[in-house]
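Read through the structure below, which is laid out as C-alpha cells, and then see the notes.
The values are calculated or read from the model by the stated rules, or taken from the named source; none is laboratory data. Only a predicted model underlies this, so the values are computations on that prediction, with no experimental measurement involved. Note that we place each Cβ from the backbone using ideal geometry, even for glycine, and neighbour counts take in every protein chain shown.
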Amino acid sequence: MNKADLIFQYVDKRIQQLSKTGPWQTASLAKLRHGAGKPPGTTPEIWELTLSELPLELASYMGSPSPSEWAIHLALTLFAIHQQGKSETVFARDVSFGSAVSQLITPGRKNESGVKSRFDAVLTSRGVLEFAHHARGLVQLMRAGDVRMDYARFARDVYYYQLDDSQDRVRLRWGEDYYRINHLSDSNTEGE
C-alpha cells in the first residue's frame, strides 16, 4: 500500500471516530481546532489524534513534519473547524475539495467571483502554510453554507499537492470537479 492510501485510511478512521456524538469527540474536536493554522508537532494536545497509530512510513523522524504528517494534520484540523456547531457530520464520501467549493456558489452566481478568487488563492499557494491558510477560509464558508466534503480524500490530495511532480494533477482534478458541478447546475437550470 502506498503512502497516499495509508493517509486516506488513517484520516478516514479518525473522521469516523470523530463523527460520533460524545464527550470524547467534543473535546477532541476542540483540541483539533486549537491546532488549526499551526504546523504539525507544535500542539502536543492533538498528537493523540494526529500521531497515535500513525503508520511508520508516514512519519518523518527528522524533526520537521513530513508531507504525510502535514496532510493528516491539515485534514483533521480543518474537519474540526468545519464540524464546529454541527449535529450531523460534515463528512461526505466522494465529495472532492473542488466539488465542495463549487457548492458555495449561490443561485444566481452573485458570489461566484469571490468564491473563485478564494479557490484560486488555494490553488496557487506557495507552500503548505499558505495553502492551509487559504483552505481554512474556504472551509469556514463551507461550514456556514452547510457544504460537506470527503476529508480522507482531501488528505490524500493534500499529500500529493505537496509533491512537485503531482501538484498540477491535483489542481487539475479539483478544477475539473469545480467546473463539472457548475456545468451540471447550469444544464439543469436551462431546461426550466
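A few notes on this one:
- Test: residue in segment 59-80 that is surrounded by fewer than 19 Cβ atoms within 10 Å (Cβ to Cβ), in contact with a helix residue (DSSP H, G or I) (Cβ under 9 Å, 6 or more places away or on another chain) and of a type in the set (A, V, I, L, M): yes
- Residues of segment 105-119 that are within 15 Å of His134 (Cα to Cα) and either in a loop (DSSP other than H, G, I, E, B) or basic (Lys, Arg) (or both): Lys116, Arg118.
- If you go through segment 137-170 and keep only what is of a type in the set (D, E, K, R), touching a residue at least 40 places away in the same chain (Cβ under 8 Å) and in a helix (DSSP H, G or I), you end up with Arg143, Arg153, Arg156, Asp157.
- Segment 55-88: number of residues that are modelled with pLDDT under 95 and under 18 Å from Tyr151 (Cα atoms): 4
- Candidates are the residues of segment 87-98 that are more than 13 Å from Leu141 (Cβ to Cβ) and in contact with a strand residue (DSSP E or B) (Cβ under 8 Å, 6 or more places away or on another chain); the one that is surrounded by the fewest Cβ atoms within 10 Å (Cβ to Cβ) is Ala92.
- Of all residues in segment 52-77 being free of Cβ contacts under 8 Å to residues at least 12 places away in the same chain and either in a helix (DSSP H, G or I) or within 19 Å of the chain's Cα centre (by Cα) (or both), the one that is farthest from Tyr160 (Cα to Cα): Leu56
- Filter pass, Gln9 being modelled with pLDDT of 95 or more, out of contact with any Lys or Arg (no Cβ under 8 Å at 6 or more places or on another chain) and under 12 Å from Ala155 (Cα atoms): yes
- Those residues of segment 112-130 which are crowded, with 17+ Cβ neighbours inside 10 Å and either in contact (Cβ under 8 Å) with a residue 40 or more places away in the chain or over 18 Å from Tyr178 (Cβ atoms) (or both), in sequence order: Phe119, Leu123, Val128
- Flag for Lys38 being closer than 22 Å to Val128 by Cα, touching a Ser or Thr at 6+ places or on another chain (Cβ under 6 Å) and basic (Lys, Arg): no
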